[in-house]
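Beneath this line is the structure, given in structure tokens, with notes to follow.
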Amino acid sequence: MPKVVEGSLIATGKKFAIVAGRWNGAFAERLIEGALDSLRLHGARDEDVTVYRCPGCFELGQAAAKVAQAGGHDAIICLGVLIRGATPHFDYIAGKATADIGSVGLERGLPVSYGVLTCDTQAQALERSGSKVGNKGEEAALAAIEMVNLYAQIEAQ
Ligand code: DLZ
């Protein structure tokens, strides 16, 4: 049998940063609540979680890079809500945010998870921020917890 290395979903004693964009605020708040619920459910204490707010998804990667540089967190959870408008703006911001968030994780060697909604309509954003299709903030928090523990396992090998 091969050796399998994986992270648990135990958040106890770990420090998390949530970086969240303010645009489409009602949905963004629901993502933050979902992430916080998930962190608490898995053992994180509120005093070990800091929420950093930035203007919009375009700034998520920048803010996450600064938070990573400042240190003090085991993982960063990036949350934001993009809703398509009449121009290609959405595509530029979505592409940039996704690439930047990914780069922070790679360059800093820190788990950085992606809870950015890229929706065509407000109804889709509602569905993905705590109704029919779940809460992507909650999922991003779970991914962050698992990755923190996976990194610990890899480093312990
Ligand atoms: C400008 C803009 C637009 C049109 N739409 C969104 C959006 O749906 N979601 C989001 O998070 N941010 C949006 N923004 C703002 C940009 O992300 C950014 O904050 C501004 O362009 C300032 O740099």
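A few remarks follow.
- Folded to 0 to 90 degrees: helix 136-156 orientation relative to the chain principal axis, Cα: 30 degrees
- Helix-only mean residue ellipticity at 222 nm for the chain, each DSSP H run of n ≥ 4 adding -39500 (n - 2.57), per residue, nearest 500: -16000 deg cm²/dmol
- Cα extents of region 1-65 along the three principal axes, largest first (Å): 47, 25, 19
- Angle between the chain longest axis and helix 25-41 axis [Cα atoms, degrees, rounded to 10]: 20 degrees
- Principal-axis tilt of helix 89-108 within the chain, Cα atoms, nearest 10 degrees: 10 degrees
- Label zone at E107, where the point sits 7 Å out along the Cα-to-Cβ direction: region 35-59 residues whose backbone N lies under 18 Å: 57-59
- Between the beta carbons of D37 and S131, assuming R0 = 22 Å, the FRET efficiency works out to 0.95 to the nearest 0.05.
- Computed over region 69-148, relative contact order equals 38 percent, with contacts defined as Cα pairs under 8 Å that lie 6+ residues apart.
- Accessible carbon and sulfur surface of region 16-156 relative to its total accessible area, %, 1.4 Å: 54 percent
- Computed on the chain, with alpha-carbon pairs under 8 angstrom and 6+ residues apart, the relative contact order is 34 percent.
- The modelled label-to-label distance between R53 and L150, using points 7 Å beyond Cα along the C-beta direction, is 3.2 nm.
- For region 58-122, alpha-carbon Rg over 2.2 N^0.38 Å: 1.16
- Solvent-accessible surface of region 16-156, averaged per residue with a 1.4 angstrom probe and all protein chains in place: 49 square angstrom.
- At R0 = 30 Å, FRET efficiency that the Cβ-Cβ distance of K96 and T121 yields, to 0.05: 0.85
- Normalising by residue count, the chain has a Cα convex hull of 123 Å³ per residue.
- Cleavage-rule hits (trypsin sites (Lys or Arg not before Pro)) in region 75-157: DSSP loop, at most 11 neighbouring Cβ within 10 angstrom: K132
- Distance from region 15-50 to region 109-124 (C-alpha centre basis), Å: 13 Å
- Sequence of M1, M147 when ordered by accessible area, the most exposed leading, probe 1.4 angstrom: M1, M147
The values are calculated or read from the model by the stated rules, or taken from the named source; none is laboratory data. Since the model is a prediction, treat every value here as computed from it, not as a measurement. Cβ atoms come from the backbone with ideal geometry, glycine included; neighbour counts cover every protein chain shown. Protein only, heavy atoms only, side chains kept; ligands, DNA and RNA dropped before computing areas. Shrake-Rupley method; radii C 1.70, N 1.55, O 1.52, S 1.80 Å.
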